[in-house]
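In what follows, a single structure is set out as structure tokens and then discussed.
The values are calculated or read from the model by the stated rules, or taken from the named source; none is laboratory data. Please read all numbers here as calculations on a predicted model, not as lab measurements. For neighbour counting, all protein chains shown are included, and Cβ atoms are generated from backbone atoms with ideal geometry for every residue, glycine included. Accessible surface areas use protein heavy atoms only, side chains included; no ligands, DNA or RNA. Shrake-Rupley method; radii C 1.70, N 1.55, O 1.52, S 1.80 Å.
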Amino acid sequence: MYQSFIGLEIHIHLAAETKAFCGCKANFGDEENTNVCPVCMGFPGVLPTLNEKAIQMSYVVARALNCKLSPNTKFERKNYFYPDMPKNYQISQFAEPVGRDGYIDIEIGDSIKRVRIHDVHFEEDAGKMIHAGDMSLLDYNRAGYPLLEIVTEPDLVIGEDAEAFLKSFQRLVRYLGVCDGNMEEGSMRCDANVSINPVGVGLGEKVEIKNLNSSRFVRKALNYEIERQSGLMDNGTKIIQETRLWNENRDQTEGMRKKEDANDYRYFPEPDLPPFRPSDEFMKEVEEGICELPLVRKQRLMTSYGLGSDQAEYIHDEKFMADFFEKAVFLGADAVQVYSWLSSDVKKLLNRNSQSLEDSNLSAERLARLISMIEDGQISGKIAKRVLDHIFDEDKDPDVICDEQGLVQISDPAAIAKFVDEVMAANEAVVEAVRGGDQRQMGFLVGQIMKVSGGKAAPAVVQSVLKEKVLG
Amino acid sequence: MEKSDLTVTATLASLVLDEAETQKLGDEVSRMLSYFEKMSEIDVDGLEPTTHALQKENRLRPDRGLSNEAQPDELLECAPDLEDRFILIPNVL
Amino acid sequence: MSDFEKKWSGVLTQSQTLKAYKNYVDGWEEKIGSFLEFDPNRSLSDEVPEGPLSGIPFGVKDNIAVKNYKLTCGSKMLEHLVSPYTATAVKNLQKAGALVVGKTNLDEFGMGSSTDNSALQKTNNPWDTERVAGGSSGGSAAAVAAGLVPFALGSDTGGSVRQPASFCGVYGLKPTYGVVSRYGLTAYASSLEVIGVLARTTEMCKVVFENMKGKDPMDHTSLDHTPSGKEVKTVGVLKLEEGALSPEVKNSFDTSVERLKKAGYEVIEIELPTLEYVVPAYYTIATAEASANLARYNGIRYGHAPVFAENPTELMRKSRHEGFGDEVKLRVLLGTYVLRSGFQDQYYVKAQKIRTAIRQDVERWYDKCDVLMMPVFPTPAFHHGSSDLDTFQQKQADLYTCTANLVGHPALSVPSTLENGLPVGVQFMAPPFEEDRLFQVSSALEKEFQAPEAPGYHTDWS
Ligand SMILES: [Mg+2]
Ligand SMILES: [Zn+2]
């Protein structure tokens, strides 16, 4: 039996307006080489200047990951040549990163696992190189983007753990508002390393896996790799320390054709940037940047609102949704009702419109009002769904929609009696059958009455008036 | 300094040295390195390295877009090889 | 404005004078080759602001960025690069009314003490064209000494302003590290260097410094200038070993010490035991930083590209092989080596600790004296080639100047005497932000000996 050890290195793009060390816009998807200046293009004579917001976000993340925060964080140059790296060194951190020795609790299946964080460090991204036949095209818009690298200890065991970790981490950075966590667009990237050994022996020879553009690939690649290494070990083949790439078309990891040159990054202090010592005021703002973290929130949603684990899982996935939920409940709506609406009808409409809850016309106030209108018997559940449609399309309050569309429920027995009479007259044979004891036909009559009322008749009143008229 | 050491160093520095350079620069690097051995004479245990001479205060740049006197197009014009707005480099398949 | 400044302020704006001035420059340039690019008309199209330096022309060392001028750094690598932006220090001077007339020659990327390491042009000493102007700001020093401009900017990483100033007989200021923004100064050794001034008078040096300094949002190592205003009374003079200096420099040094005494300064003798470690520590740190600073030159975004390369790695290697000169390659190799894992502690880290020891060694004297006095260079201007000093000896001779760079303190090279027809300067060093102390001593000496006029020098443009 073998034991496996997985560690992750995650890079996130910090959601700042400008780049890490110059005033260029940090925008994704702009025309190539438009967000560039002499600094991020590495012209002679330029100097880096530290982005306040980006370094603050770095401290927020490190704090959320329970790291020891550096009182005197330092920058280093990491030296290696690469065509898309303008200076051929990356400004990064080495000796004194923003945070180190932290941890994060994540949920894997039904249990909670603590994953240790080795360090959290701030650095700059490189440009983008696009291969086109026998040429490569360089775009430096991304060069100098503020990046945060999070390095975990090898505390994960199988691919599923890593996938769960990434989902939790993605949710965390979205909660903190420091990154959109989009792995497909590359604003969150992950390299993984894995080693195996017979149980009890400890860490083995580390294999690094790159080119993992989704958490699904991370899972598949790691499980493939554990399998592969186990096979090697079974055969007594030595596992070599190497970097392998995930081939998503073949579902396998592959050794890099050309061995990377033995790297020696020659880290040394960045002479152009003085160390940064966070002031009390800065640290106060970092504290203010921390919100209730996802896992804690999920647990609170269960204990405070009686949601089940799956329900709380759904509600807490996005901070905006969780806030929305709690607000609607605060406004008086029943928690389970709010959950039901959010997880079914609202979700359907959001999908149909390819919108987020945040961008939609539905507010917590509107949903709470809609639910209370049902409870008060003003509208039926069925009408409520139509009202919801109108809210999405017209951006109006439910009361206004009901007014304009004449959707308010009819519960006046005299008004309903007219519908009942009409239907009874048109269905004399059925009425006789019911009177003869065939109760099953009652439902048919109710349906007909609802139909002629345009769905507005209050079902309970219809039932009682009909019963009285048919059976006396 | 061994010749292989020089080659590794040159590769790290993205330099290729021809025969003559390997000889000449190798000698000069070695001469300087032996000169640097002088530093082993002085005891500096307990002293902090000086990485920044006089800095005492934090410096931060507000996260707001800055206009620069150099336009992106001017920067691109400096590149040896361009295709539209891309900088072009060779890459044999 | 002094008479000297007044004389210069109208040179470019009156067409008669401008013509005479250009002829004068052309005449000198055939002999000394101080400018890589000279075009006084380029500045004239702009509105000239009123200010302390209104209308005064100046030269800029060609490793400092001036928009629409080349930025060659004396290297084939950047021979055709036109700067897309202007250095903050230059902008500050332009705001004070000064006008850039050209870019001056230098040792490639500032690496050298002779300007002979320029890949683009040879520069000669105006006092003797067989000799070097010094370096690396040799073009700036020669241009000022020949009267082509009243001042020029240089950069000083280990003595590159002060040494050529001494060789050419002009004033050369290395300000406190960080007081002048480095934004726009092509980096050689970032933690050591600063933009400095070469000028014909102490006053000019001071006015230029005052107008170019200042904390810069583009340079996070730049500092506010906070001088104490202290009056200099005591000068600490470095005790020199027998044979440390050539007889000419020794004589010149002693002459200035006597003049200071005569001018009423108290003179005490000081010792700096760390001096023998200064040069190895300096070259370790400078080359380490240079190895990273020069990594950006790879023929992709700008600069020399090879005719053919198969792939990016080959492109970068060929670009650097063809674009860099020998001295640059030597320093990049050396700097790469001292940072390698396994060697870093022994060389780079050790040097940074020695730097701390040197600072402590220097600072203890500031309790006893207001400025320190030491030689600039052990010899006067040497001959081209290695017949007087080979490149290794030239490096060793940096010991008196690179001390100030390692500790970040200001230092000034002051013309002292003419020895056998060659100028020799002396150097003063002061605590951080105390440039004014240097100007005080310099002015006192200037009353006895002014920047000498090289044969053929004049400023009579009318
Ligand atoms: Mg990284
Ligand atoms: Zn930029």
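Descriptive notes on the structure:
- Among residues of region C:144-171, those that are assigned to a helix (DSSP H, G or I) and out of contact with any Pro (no Cβ under 9 Å at 6 or more places or on another chain), counted: 3
- Complete set of residues in region A:125-151 that are assigned to a loop (DSSP other than H, G, I, E, B), within 16 Å of ligand 1 (Cβ to nearest atom) and not charged (D, E, K, R): A:ALA126, A:GLY127, A:ALA143, A:GLY144, A:TYR145
- Taking region C:234-277 as the range and being outside any helix (DSSP H, G or I) and among the hydrophobic types (A, V, I, L, M, F, W, C) as the test, the residues that pass are C:VAL235, C:VAL237, C:LEU238, C:LEU240, C:ALA244, C:LEU245, C:ALA263, C:VAL267, C:ILE268, C:ILE270, C:LEU272.
- Meets criteria (among the hydrophobic types (A, V, I, L, M, F, W, C) and open to solvent by 40 Å² or more (accessible area, probe 1.4 Å)) for B:LEU82: yes
Residue by residue, here is whether (1) at the interface with another protein chain (Cβ under 7 Å from one of its Cβ atoms); (2) part of a helix (DSSP H, G or I) holds:
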site	(1), (2)
C:PHE343	no, no
C:TYR347	yes, yes
C:VAL362	no, yes
C:THR379	no, no
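- Tally of residues being in contact with a helix residue (DSSP H, G or I) (Cβ under 6 Å, 6 or more places away or on another chain) and at the interface with chain C (Cβ under 8 Å from one of its Cβ atoms) across region B:18-30: 3
- Considering (1) out of contact with any helix residue (DSSP H, G or I) (no Cβ under 6 Å at 6 or more places or on another chain); (2) within 25 Å of C:GLU79 (Cβ to Cβ); (3) not in a loop (DSSP other than H, G, I, E, B), the lone condition that B:SER34 does not fulfil carries the number (2).
- Meets criteria (open to solvent by 10 Å² or more (accessible area, probe 1.4 Å), more than 16 Å from ligand 1 (Cβ to nearest atom) and within 10 Å of another protein chain (Cβ to nearest Cβ)) for A:LYS68: no
- The single condition from (1) more than 25 Å from C:PRO84 (Cβ to Cβ); (2) hydrophobic (A, V, I, L, M, F, W, C); (3) not in a helix (DSSP H, G or I) that C:VAL60 fails is (1).
- If you go through region A:1-51 and pick out every residue that is more than 10 Å from chain B (Cβ to nearest Cβ), of a type outside the set (Phe, Trp, Tyr) and part of a strand (DSSP E or B), you end up with 10.
- Check on B:THR11, under 19 Å from the mean Cα position of the chain (by Cα) and either more than 7 Å from chain C (Cβ to nearest Cβ) or open to solvent by 70 Å² or more (accessible area, probe 1.4 Å) (or both): yes
- For region C:292-320, a residue qualifies if it is of a type in the set (S, T, N, Q) and open to solvent by 10 Å² or more (accessible area, probe 1.4 Å), and the qualifying residues are C:ASN311, C:THR313.
- The C-beta contact set for region A:87-109 (first residue on the phi > 0 side of the Ramachandran plot, second residue crowded, with 20+ Cβ neighbours inside 10 Å and not in a loop (DSSP other than H, G, I, E, B), distance under 6 angstrom, 6+ apart or interchain) comprises A:ASN88/C:ALA295; A:ASN88/C:ARG296.
- Every residue from region A:187-201 that is part of a loop (DSSP other than H, G, I, E, B) and surrounded by 11 or more Cβ atoms within 10 Å (Cβ to Cβ): A:SER187
Yes/no per residue for (1) under 26 Å from the mean Cα position of the chain (by Cα); (2) farther than 18 Å from C:THR72 by Cα:
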site	(1), (2)
C:ASN298	no, no
C:PHE308	no, yes
C:ARG331	yes, yes
C:GLY335	yes, yes
C:VAL349	no, yes
C:LYS353	yes, yes
C:ALA357	yes, yes
C:VAL362	yes, yes
C:LYS368	no, yes
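- Condition check for A:GLY109: open to solvent by 20 Å² or more (accessible area, probe 1.4 Å) and under 23 Å from the mean Cα position of the chain (by Cα): yes
- Number of residues in region C:60-86 that are within 23 Å of C:MET218 (Cα to Cα), more than 12 Å from chain B (Cβ to nearest Cβ) and touching a residue at least 40 places away in the same chain (Cβ under 8 Å) equals 7.
- Take the conditions (1) closer than 29 Å to C:SER413 by Cα; (2) more than 22 Å from the chain's Cα centre (by Cα); (3) at pLDDT 95 or above; C:TYR302 misses just one of them, which is (1).
- In region A:84-104, residue farthest from the other protein chains (Cβ to nearest Cβ) [restricted to those that are buried (at least 19 other Cβ atoms within 10 Å of the Cβ), aliphatic (A, V, I, L, M) and in a loop (DSSP other than H, G, I, E, B)]: A:VAL98
- Selection within region A:99-121: residues that are in contact with a Leu (Cβ under 8 Å, 6 or more places away or on another chain), more than 16 Å from ligand 1 (Cβ to nearest atom) and β-branched (Val, Ile, Thr). The member of this set that is nearest to A:ARG277 (Cα to Cα) is A:ILE104.
- Flag if A:ILE130 is open to solvent by 40 Å² or more (accessible area, probe 1.4 Å), assigned by TED's automatic domain parsing to the domain that holds A:LYS210 and in contact with a strand residue (DSSP E or B) (Cβ under 9 Å, 6 or more places away or on another chain): yes
- Restricting attention to region B:37-66, the residues that are within 7 Å of chain A (Cβ to nearest Cβ) and not in a loop (DSSP other than H, G, I, E, B) add up to 1.
- Any chance C:LEU120 is closer than 20 Å to C:VAL60 by Cβ and open to solvent by less than 10 Å² (accessible area, probe 1.4 Å): no
- Single residue of A:ALA62, A:ALA54 found to be part of a helix (DSSP H, G or I), within 16 Å of ligand 2 (Cβ to nearest atom) and at pLDDT 95 or above: A:ALA54
- Residues considered: A:ALA384, A:ALA458, A:ALA368, A:ALA364. Of these, the only one that is of a type in the set (A, V, I, L, M) and not assigned by TED's automatic domain parsing to the domain that holds A:TRP341 is A:ALA458.
- Matching residues, region B:67-93, being assigned to a strand (DSSP E or B) and more than 7 Å from chain C (Cβ to nearest Cβ): B:LEU82, B:GLU83, B:PHE86, B:LEU88
- Residue check, A:ASP180 away from ligand 1 (no atom under 16 Å from the Cβ) and closer than 24 Å to A:ASN27 by Cβ: yes
- Qualifying residue in region A:152-175 (condition: touching a Pro at 6+ places or on another chain (Cβ under 6 Å) and either assigned to a loop (DSSP other than H, G, I, E, B) or within 16 Å of ligand 2 (Cβ to nearest atom) (or both)): no
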